Amino acid sequence: MAMMTGPLARTSGPIAAIVAALLTAASSTAFLKTDPAKSLARVRLNVVATAPITDITFTGVTLASYTSVVLAGAGGASETGSTLRTSNASPGQRVETQFDMILADVVAGGSITWTISTTTSADTSVEVYSTNDPKTPQLVDRFEATAASSQFKSDTGRLTSSDALNVSPFAPPLVLAEYYPWYTLDGWQSSQFGDRPAQLYSSDSQSDVDRQVTQAKSANIDAFVVSWQGRTNVENDRRMRLVLDSAARAGIRACVYFETYIVNPTNDANLPVDPATMVQWLEDAVDMYGSHPAYLRVNGRPVIFIYLASSLNEFVWADILTAVRRTGRNPIVIGDFYHSRLITALDGEYQYINVSLSPADLIGVYHTETLRVRTWNLAAGGARRIWVASACPGYDDRLLTARSQHSVVDRANGGVYDTQWSTAVAMAADWIIITTWNEFFENTEIEPSVRYGTSYLDQTRTWAAKFKTIVRAPHASASSPSLP
């Protein structure tokens, strides 16, 4: 359960062209041509700066992802955003920074316009290298500047490579759904529900869970991502096992997602997230469920989602995962965050909900993250990260008495859900997670209900089929991961 913040907008049809293209392209032989990760190149900038702050921006290509390191001097460097920034702790002295980037839309015959901006007029030098062959960087351009603002150009043809640089595949393209196991038959009488399931159920009833899992499978959903509150919550554990057993019979999967706001020794939402408790939760989830035949695993590794992963920084997360993996446990950990340095530590990224964004803003967010997450390993090395886009039908928490502020995004008769799905598919998501299967308190549910019948289940079935049958453009590297 998540309270939305930020500006709200009723989503409608600015991406009709994308939807039309997808409907046309969604066949087993069609390529997904809207993938932004095309015409990629590895490029390195070496920046020697003397000003307090030196910013470099550029046009003509698209920044997909980058890493940075300070090579000499006292200072720092950015690792997120579209501006490459060097900060100098000793203005007037030289600080040297290296930015290793993956650029998209790099084509022969084009050019990049580099803009160097400094807080004061100061000496700045920039060297541009092609690192398509990382072992032998090739110097392409060198610029010198003394003014507070200067521009230079590079020929993109000198940055392209005869050996194509591509995003490695990550398959199969899974459809997941957030699932809440906290309902009882008498609880449905609450006045805080604006809708109710078409057939009332208990999360403690195996037959009821069997029915839900069968409905999900009929809508091409591959796995339930189940809200989990640690091993001490005996009720939650029992219900998680019911979901796993139902999933095994139906032929789908399930995994946990952590309710991070209570990850501390006393499960107190008013206390900060405790790293030691997070280690324990990860180890417990692997030990308690990871070997169940229906648990979602990729290449044998159990998948765990972390709500509000940004409650801890990337250094703490690195320590947590090092501690867990030192024991021989090796889960795939996918965090809820956006455009964050957490990508250095975690295996993938999702955002719990983006339904408050306008269609144009949603495209911008997903364009940024599909490039950044899926090309991260090309810039930084290591394993390919997983990008999981969310799709939500709407939102309405006005009946929740515990909240002083409320948010509403009208469903627009399914138009919002279409927009969320079409954007996720067009931006080449690895997986799509539905927010949610049954969060009736916030009215994000898609399961059959009194108000909506089976309409959202039907939409899910159609979109999930399109997502799975659109063929990604050919990729140049390693074979795809597989489910056990």
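The values are calculated or read from the model by the stated rules, or taken from the named source; none is laboratory data. This one's a predicted model, so the numbers in the text were calculated from it and none came from an experiment. Every residue, glycine among them, receives a Cβ derived from its backbone with ideal geometry; neighbour counts consider all protein chains shown. These accessible areas exclude ligands, DNA and RNA; they are computed on the full protein's heavy atoms, side chains included. Shrake-Rupley method; radii C 1.70, N 1.55, O 1.52, S 1.80 Å.
Assorted remarks:
- Of all residues in segment 65-103 being modelled with pLDDT of 95 or more and in contact with a helix residue (DSSP H, G or I) (Cβ under 8 Å, 6 or more places away or on another chain), the one that is surrounded by the fewest Cβ atoms within 10 Å (Cβ to Cβ): THR67
- Filter pass, ASN438 being buried (at least 22 other Cβ atoms within 10 Å of the Cβ), assigned to a loop (DSSP other than H, G, I, E, B) and touching a Gly at 6+ places or on another chain (Cβ under 7 Å): no
- Any hit, segment 214-223, residues being part of a helix (DSSP H, G or I), of a type outside the set (A, V, I, L, M, F, W, C) and more than 22 Å from THR435 (Cβ to Cβ): no
- Filtered residues of segment 32-64 (kept if open to solvent by 30 Å² or more (accessible area, probe 1.4 Å), at pLDDT below 95 and of a type outside the set (Gly, Ala, Ser)): LYS33, THR34, LYS38
- Every residue from segment 181-211 that is open to solvent by less than 40 Å² (accessible area, probe 1.4 Å), within 26 Å of ASN267 (Cβ to Cβ) and either of a type in the set (Val, Ile, Thr) or touching a strand residue (DSSP E or B) at 6+ places or on another chain (Cβ under 9 Å) (or both): PRO181, TYR183, TRP188, VAL209
- A count restricted to segment 378-393 and to residues that are more than 30 Å from ALA412 (Cα to Cα), touching a residue at least 40 places away in the same chain (Cβ under 8 Å), over 14 Å from the mean Cα position of the chain (by Cα) and in a loop (DSSP other than H, G, I, E, B) stands at 0.
- Failed item in (1) of a type in the set (S, T, N, Q); (2) farther than 30 Å from SER455 by Cα; (3) crowded, with 19+ Cβ neighbours inside 10 Å, with ASN270 passing the rest: (3)
- Considering segment 109-118, and only residues there that are farther than 15 Å from ARG42 by Cβ and in contact with an Asp or Glu (Cβ under 9 Å, 6 or more places away or on another chain), the residue that is surrounded by the fewest Cβ atoms within 10 Å (Cβ to Cβ) turns out to be GLY109.
Residue by residue, here is whether (1) open to solvent by less than 20 Å² (accessible area, probe 1.4 Å); (2) within 25 Å of GLU445 (Cβ to Cβ); (3) of a type in the set (Gly, Ala, Ser) holds:
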| position | (1), (2), (3) |
| --- | --- |
| SER358 | no, yes, yes |
| LEU371 | yes, no, no |
| ASN377 | no, no, no |
| ALA391 | yes, yes, yes |
| TYR395 | yes, yes, no |
| THR401 | no, yes, no |
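- Residue in segment 406-414 that is assigned to a loop (DSSP other than H, G, I, E, B), within 23 Å of VAL213 (Cβ to Cβ) and either of a type in the set (Phe, Trp, Tyr) or open to solvent by 20 Å² or more (accessible area, probe 1.4 Å) (or both) present: no
- Residues in segment 127-184 that are within 28 Å of the chain's Cα centre (by Cα) and either closer than 30 Å to LEU244 by Cβ or not in a loop (DSSP other than H, G, I, E, B) (or both): 14 in all.
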